[in-house]
Every structure is written in C-alpha cells, then in structure tokens.
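Asks: Sharing a structure here in structure tokens format.
Values in this text are rule-based calculations from the coordinates and carry no lab data. Source: prediction; values computed, not measured. Cβ: placed from backbone, ideal geometry, glycine included. Neighbour counts: every protein chain shown.
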C-alpha cells in the first residue's frame with residue numbers, strides 16, 4: 001500500500017482553476033440534495049476562546065465514490081501574530097476498502113472550496129448584471145471569494161474592500177489585480193463605506209461564538 005503525501009505547494013502547482021472548483025462544489029451540493037452524501041455533524045474542540053479544531057468526515061457516493069476527513073483549526077488570534085487563521089490536513093480513503101490513499105495539506109482546498117461555495121450561490125442567486133462587490137475581510141478567504149464571485153458574475157468591475165487590519169489592503173489589492181486584470185479595487189475606511197452602492201456583499205471574517213453584526217440592515 002502506498003500513501004501519497006501532498007504539500008500545499010504541490011497542490012497549488014496543479015493550477016486548478018476556481019471555475020473547476022465551483023463545478024465540483026456544485027456537484028457535491030447536488031449529490032447532497034439527492035441523498036447520496038453522508039455528512040455527519042462536525043465535532044470539535046475549543047482550546048482557546050473563539051478558537052476551534054474540527055473533525056469533518058464525509059462520504060460522497062454516486063460516481064464520485066470518495067471518503068475522507070478534514071482536521072482543521074481556526075484561530076482568529078493568529079492574525080495578530082502573522083500566522084494563518086485556518087490550518088489543517090486532509091486524509092482521503094478508498095471508499096471500496098477503506099484504505100488510506102492520501103494525506104494532504106487542507107489549506108489550499110479550504111481556501112478555494114469556501115470561495116467556490118460563494119461563487120456557486122452567486123451563479124443561482126445573485127443579480128447576473130452585478131457590477132460592484134463589497135468584501136469585508138481581506139485575508140485568504142477575501143481573495144478566494146472575490147475571484148470566485150468575479151468568475152460567477154462576469155459583469156463585476158469594482159471591488160470595494162475593507163479590513164480592520166489596514167495592512168491587509170495592500171496585499172489584497174495586489175493579489176486581486178494579479179488574479180483579475182481589469183478589476184478596480186477601492187480601499188474603504190469603514191464597513192458602511194464598503195457596502196454603500198454594492199450589488200453583492202460578502203463577509204470573510206473569523207467565526208466567533210458571539211459575532212458582531214457589523215453590516216446593519218439600514
């Protein structure tokens with residue numbers, strides 16, 4: 001038996017597009033709706049306030065026929081330390097035998113799968129003529145959500161961006177302008193400034209026990 005070990009760099013080097021990820025995510029949603037997915041409630045531990053480490057097992061049947069588990073942590077406090085908020089590994093099993101086939105980095109797939117889920121929702125729920133996007137939270141998820149939304153909504157031309165950590169703005173802007181040539185990124189000084197006039201709003205902020213509802217209905 002051979003177990004393939006895959007790093008973030010090896011997965012990233014495959015050049016998988018966000019559109020490909022959206023297509024696979026949409027298929028997963030469809031199979032879940034058809035009752036062909038076994039997806040138990042995640043269990044987790046919470047070593048620090050507002051921090052989690054979750055076990056996320058899943059079996060996807062039909063022609064996918066794949067099983068695995070993600071062991072992933074989310075530590076909002078890492079951002080102030082210059083460390084990634086999300087970190088984890090995945091283990092994939094052969095569904096027929098249960099034999100472990102691969103142990104891999106989960107950071108790449110978490111980042112792009114989460115953004116892709118937003119893109120799939122936009123495909124079916126957003127105004128197809130949307131031209132302005134507001135992004136609150138400009139870390140890894142801010143980037144992947146922006147790219148996925150731009151692919152789902154080709155009329156997007158302006159991204160209004162805000163983060164409580166102002167140093168994130170420059171990095172986010174440079175990445176988005178590289179990922180999406182022709183998109184105009186407008187740094188904003190507040191949540192309200194970002195959402196004013198936006199056709200689509202996405203929040204990419206940490207998951208905490210008692211979240212602040214910072215995007216007001218008015």
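Asks: With contacts defined as alpha carbon pairs under 8 Å and 6 or more residues apart, what's the relative contact order of the chain in percent?
Replies: The value is 18 percent.
Asks: Normalised by the number of residues in the range 4-110, what is the relative contact order in percent for Cα pairs under 8 Å and 6+ residues apart?
Replies: After rounding, I find 24 percent.
Asks: Could you tell me what percent of the DSSP beta bridges with both partners in the range 4-110 are antiparallel, to the nearest 5?
Replies: Percent antiparallel among DSSP bridges in the range 4-110 is about 90.
Asks: Between residue 214 and residue 94, how high is the FRET efficiency from 1/(1 + (r/R0)^6) when r is the Cβ-Cβ distance and R₀ = 45 Å? Nearest 0.05.
Replies: For residue 214 and residue 94, the calculated efficiency is 0.50.
Asks: How far apart, in nanometres, would the label points at residue 5 and residue 124 be if each is projected 7 angstrom from Cα along the Cα-to-Cβ direction?
Replies: If labels sit at residue 5 and residue 124, their model points lie 4.0 nm apart.
Asks: I've got another one for you. Could you sort the peptides 23-30, 7-14 by per-residue average Cβ neighbour count (10 Å cutoff), highest mean leading?
Replies: The most tightly packed comes first, giving 23-30, 7-14.
Asks: Along Cα→Cβ, 7 Å out, is where each label goes; now give me the distance between the ones at residue 43 and residue 201 in nm to one decimal.
Replies: Calculated label separation equals 3.8 nm.
Asks: Percent antiparallel among DSSP beta bridges with both residues in the range 90-218, to the nearest 5?
Replies: DSSP beta bridges in the range 90-218 are roughly 25 percent antiparallel.
Asks: Still on this structure, I have one more. Nearest 10 degrees, 0 to 90: what angle lies between the long axis of helix 107-125 and the longest principal axis of the chain (Cα atoms)?
Replies: Once rounded, the angle reads 60 degrees.
Asks: Sorting check: for 94-103, 161-170, which peptide has the highest mean count of neighbouring beta carbons within 10 Å, and how do the rest follow?
Replies: The most tightly packed comes first, giving 161-170, 94-103.
Asks: In deg cm²/dmol and to the nearest 500, what is the mean residue ellipticity at 222 nm of the chain if only DSSP H runs of at least 4 residues count, each as -39500 (n - 2.57), divided by the residue total?
Replies: Mean residue ellipticity at 222 nm (helix-derived): -10000 deg cm²/dmol.
Asks: May I ask for the distance between the Cα centers of the range 178-218 and the range 1-38, given as a whole number of Å?
Replies: Using only Cα atoms, the two centres lie 27 Å from each other.
Asks: Could I ask something else about it? What ranking, highest mean first, results for peptides 172-179, 109-116, 146-153 when packing means the other Cβ atoms within 10 Å averaged over each residue?
Replies: The most tightly packed comes first, giving 146-153, 109-116, 172-179.
Asks: In degrees from 0 to 90, rounded to the nearest 10, what is the angle of the helix 140-152 Cα long axis to the longest principal axis of the chain?
Replies: It is inclined by approximately 80 degrees.
Asks: Starting from the Cα of residue 186, step 7 Å toward the Cβ, then list every residue of the range 131-168 with an amide N under 13 Å from that point.
Replies: 131-135, 157-162, by backbone N distance to the label point.
Asks: Antiparallel as a % of all DSSP beta bridges within the chain, to the nearest 5?
Replies: 65
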